[in-house]
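First up is the structure itself, then whatever we jot down about it.
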C-alpha cells in the first residue's frame with residue numbers, strides 16, 4: 001500500500017512539472033526599463049521634445065480600463081501634446097515607483113514578441129489640479145512595449161479614473177441637495193441635547209438607532225464606538241462634571257444631500273460645566289455632526305471639542 005501511494009505521488013509530481021512551460025525571461029535591470037523611466041521623468045518635467053525622442057513613430061497610448069471596443073488609442077502627436085497640458089494644469093506633479101515596487105522587463109520567446117520587450121511598472125501619480133484644487137494621489141499600473149531600437153511603441157495604462165471625473169465635474173457649479181434651518185431632524189437633535197443637559201439619559205438615547213456609532217475627535221477609536229460604550233462614557237463624564245447649561249450657538253443646519261441621500265444635522269453648542277474636583281467653571285464649545293436615517297433616527301454622531309479645556 002505504501003509503494004502504491006509513492007507511485008501516485010510521483011505521477012502527480014510529474015504531471016505538475018509537465019504543465020510548466022518557460023515563455024521568456026524577466027529582468028530586474030534592462031535598457032528598456034531605463035528608457036521607460038527616463039521618458040516618465042521627462043514627461044513630469046514638461047519636456048515634450050525629450051518625451052518625443054523616446055517614442056517610436058508608430059507609437060500608441062491606450063486606456064486599459066476603457067469599455068470602448070473601437071478605441072484606437074492616442075498617437076505620438078497627441079501624447080506629446082498632453083505633456084504641455086499636465087505641465088500647465090497640475091501643480092506638484094510627480095510619478096514615482098510605488099513603495100516596495102519596481103519595474104519588470106519581460107523578453108518573451110513567442111514569435112510575435114521576439115523583437116520587443118515588455119516593461120511593467122507600478123507607480124503613484126500625484127499632483128494638484130491648479131484650476132479646481134482637486135488632489136491626485138492615484139496608484140497606476142502601466143505596460144510598455146519597447147521595440148528593438150529601444151523606442152517606446154505602446155503604453156497601456158490602468159488606473160482609477162474617479163479623481164479625473166471629479167476634476168471634470170468641478171468646472172461647473174452643481175447643487176447637491178438642500179440646507180434647512182428648521183427641520184424635524186434639527187428638533188430631534190435639540191431634544192436629545194437638552195435631555196442630556198437635564199440628565200434624562202434614558203430619553204436622550206431614544207433618539208438614536210440601536211446600532212448607532214459614536215466618534216469623539218479626541219478618542220483613538222476612529223471607527224467609532226457602540227451605543228452601549230457611549231452610555232458608559234456618559235456615566236464617567238457625569239462623575240467628573242456637572243452640567244450647568246447647554247446653550248446653542250448660532251443655529252443648527254440640516255443638510256439633505258442629493259448624492260448618497262445623506263441626512264446630516266450640524267449643530268454648535270456651549271457646554272457650561274463645573275468640574276467637580278476643584279469647582280472650576282468651564283465653557284466648552286462643542287460641534288455635533290449627527291447622521292440620520294430615513295426614519296428620523298440618529299445612526300452616527302461625531303463630536304468635536306478641545307479635550308485640553310477639560311484638563
- Which one is right for this structure if log10 I(q)/I(0) by the Debye sum over Cα atoms at q = 0.09, 0.11 Å⁻¹ is calculated from it: (1) -0.41, -0.62; (2) -0.57, -0.75; (3) -0.75, -0.84? (3)
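What does the extension gain come out to for residue 108 and residue 128, with contour length at 0.36 nm per residue minus their alpha carbon separation?
Details: separation 20, 0.36 × 20 = 7.20 nm, distance 3.85 nm.
Additional length available on full extension: 3.3 nm.
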- Message: If R₀ is 45 angstrom, what is the calculated FRET efficiency for the pair residue 69 and residue 176, using the beta carbon separation as r and rounding to 0.05?
- Response: 0.85
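Can you show me the helix-derived [θ] at 222 nm for the chain, built from DSSP H runs with n ≥ 4 at -39,500 (n - 2.57) apiece and divided by the number of residues, rounded to the nearest 500.
About -9000 deg cm²/dmol.
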- Note on the structure: Using alpha-carbon coordinates alone, the radius of gyration and Dmax of region 21-169 in Å work out to 15.7, 52
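For residue 228 and residue 279, FRET efficiency with R0 = 30 Å and r from the beta-carbon atoms, rounded to 0.05?
Efficiency for this residue pair is about 0.40.
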- Item | Cα→Cβ-extended label distance, 7 Å offset, between residue 99 and residue 299, nm | 3.2
- Final fewest-first order of 82, 61 on the 10 Å Cβ neighbour count is 82, 61
- Task: Determine which residues of region 231-260 fall in the zone a paramagnetic label at residue 310 would reach in this model, i.e. backbone nitrogen under 13 Å from the point 7 Å along Cα→Cβ.
- Result: 231-243
- Place the peptides 34-40, 251-257, 305-311 in order of packing, highest mean first, counting for every residue the other Cβ atoms within 10 Å and averaging per peptide. 34-40, 251-257, 305-311
- Message: Based on Cα coordinates alone, diagonalise the gyration tensor for region 177-310, multiply each eigenvalue by 5, take square roots, and list the semi-axes in whole Å, largest first.
- Response: 25, 16, 14
- Any idea what the relative contact order of the chain is, in percent, if you count C-alpha pairs under 8 Å spaced at least 6 apart? 12
- Message: So if I average 1/r over every pair of distinct C-alpha atoms in region 179-250 and take the inverse, what Kirkwood radius in Å does that give?
- Response: 13.6
- Query: For the pair residue 137 and residue 289, what calculated FRET efficiency results from E = 1/(1 + (r/R0)^6), where r is the Cβ-Cβ distance and R0 = 22 Å, to the nearest 0.05?
  - Reply: 0.30
- Task: Figure the gain on full extension for residue 148 and residue 203 (residue separation times 0.36 nm, minus the Cα-Cα span) and round it to one decimal in nm.
- Result: 12.1 nm
- Message: Once you place label points 7 Å from the Cα toward the Cβ at residue 236 and residue 248, how far apart are they in nm?
- Response: 3.1
- Note on the structure: Length gained, residue 91-residue 256, 0.36 nm per residue minus C-alpha separation, equals 56.0 nm
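All of the numbers you see were taken from the coordinates with simple rules; none came from a lab. Keep in mind that this is a model prediction, so the values were computed, not measured. Backbone-built Cβ (ideal geometry, glycine too); neighbour counts: all protein chains shown.
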